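K.L.:
Could you have a look at this structure, given as structure tokens, before my questions?
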Amino acid sequence: MTSLTCCHERLDELGNTMASTNTRLASVEQQQADIHPLKEAEHIKNFTYFTIALKRMAFDLDVIVLTECRIAESSIIPVLPGYISYRTHKITNQNSGVVVYIKDAWNSNVTEPVFNEADCLIIEIPHC
């Protein structure tokens, strides 16, 4: 089995898992904001695979939140076209790090509050 075949199989697996998660949340999404959790993103080690998985989704995401990113202070956050990225800067443990991608057309304001034992970003998006 070639590595390319393995990659395609893994991407199909991720797509099926994301579809299953989104199906379970359909009733919640009808009552609340249009939220699509991507818990599977924490398992994607390669950002290229993550962007491919995003393109395969049937909807356009306005905000993407990644947790437990294991980012160091000197880490460079990958660019996601069409989005502005924000990140936490405090390192609380080896799994620290929150990265948020927000559509660049939005007039968002992101701040990092001070917490002793948690990573957090506050996202403010004005009403349209």
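K.L.:
Relative to the present Cα-Cα distance, how much length would full extension add between HIS127 and ILE52 at 0.36 nm per residue of separation?
P.N.:
Additional length available on full extension: 24.0 nm.
K.L.:
Follow-up question, since we're still on this one. To the nearest 20 debye, what charge dipole does the range 42-101 have about its Cα centre, counting +1 at the Cβ of each Lys and Arg and -1 at the Cβ of each Asp and Glu?
P.N.:
So the magnitude is around 140 debye.
K.L.:
With contacts defined as alpha carbon pairs under 8 Å and 6 or more residues apart, what's the relative contact order of the range 62-128 in percent?
P.N.:
32
K.L.:
7 Å from Cα along Cα→Cβ at both THR111 and SER74: what's the point-to-point distance in nm?
P.N.:
Rounded to a tenth, the inter-label distance reads 3.1 nm.
No lab work stands behind these numbers, since they all come straight from the coordinates. It should be emphasised that the depicted structure is a prediction, and the values quoted were computed from it without experimental measurement. Backbone-built Cβ (ideal geometry, glycine too); neighbour counts: all protein chains shown.
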